[in-house]
1. The range 41-122: which trypsin sites (Lys or Arg not before Pro) are DSSP loop and have at most 10 other beta-carbon atoms within 10 angstrom?
2. Please compare each pair in 69/168; 99/198; 133/176; 139/168 to a cut-off of 18 Å on the Cα-Cα distance and tell me which ones are over it.
3. Give the Rg (one decimal place) followed by the Dmax (whole number) of the range 46-199, computed from C-alpha coordinates and expressed in Å.
4. Between residue 118 and residue 99, how many nm apart are label points set 7 Å from Cα along the C-beta direction?
5. Between residue 43 and residue 174, 0.36 nm times their residue separation minus their Cα-Cα distance comes to what?
6. Can you run phi through the Karplus equation (6.51, -1.76, 1.60; θ = phi - 60°) for the range 114-125 and list ³J(HN,Hα) in whole Hz, with x for Gly and Pro?
7. Amide H to amide H, which residues 5 or more places from residue 136 or on other chains are under 5 Å from it, using H placed in the peptide plane?
Amino acid sequence: MVSTQKFWRVSALFFTLSVTGWSQAATPAPQASPAPAASAKAACPTILNHSFKRLQDEVPQNLCQYAGKVVLVVNTASFCGFTEQYEGLEALYGKYKDKGLVVLGFPSNDFGKQEPGTDKEIADFCYNTYAVKFPMFSKTVVSGDERNALYKQLVAATGTSPKWNFYKYLIDRNGKVVDSYNSMTKPLSASLVADIEKLL
């Protein structure tokens, strides 16, 4: 009788240990927390920490949404000898946007009064004439003491201010202003394209 009871106690203990082991084996091991995604939103550099109204509907837009991209900033005008550069700017944007380039247009009436229209008129002209799809913002001041905050920083960083319409500034992915280009430099010029490609 004693032997029988001992046998059952040993058997019960074996069963308990077996079930416990199986239960632990079936429980997945704790997983390490995943590393932050490589595509996490880049920190906003000071040069982009500004808000401007979108041209077509005047909805405020924070330029921080372009952090981590190569940025080409251009002051534009609808009735200028350089207005046809819209075509080149759109082509440049279309070609490189998927690689990280964004073109930001800032209409201005500062030079020769060549941007007299309202935001809606400018937006209609840009879209209907040149099919512009790159981001455009409300008409603004880019020269003199009243220039907007972004242009104040661009001028401070480069030591040069826009001399006419379609003056250009190039900003790298880290928010550093790397160069400026006068109105004669076409958007698809070899020098500008080469500089952009180096930064992409």
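Every number in this text was worked out from the coordinates using simple rules, so none of it is lab data. This one's a predicted model, so the numbers in the text were calculated from it and none came from an experiment. Neighbour counts run over all protein chains shown; Cβ positions are idealised from the backbone, glycine included.
1. On the way: sites: 41, 53, 54, 69, 95, 97, 99, 113, 120; in loops: 41, 69, 113.
Answer in residue order: 41, 113.
2. 133/176
3. Looking at the range 46-199, its Cα Rg and Dmax stand at 13.9, 37 Å.
4. Those two pseudo-labels are separated by 4.0 nm.
5. Numbers: separation 131, 0.36 × 131 = 47.16 nm, distance 0.88 nm.
Here the segment from residue 43 to residue 174 would lengthen by 46.3 nm.
6. Once θ is set to phi - 60°, the couplings for the range 114-125 become 9, 9, x, x, 7, 4, 5, 5, 5, 4, 5, 4 Hz.
7. For residue 136, the qualifying residues are 55, 105.
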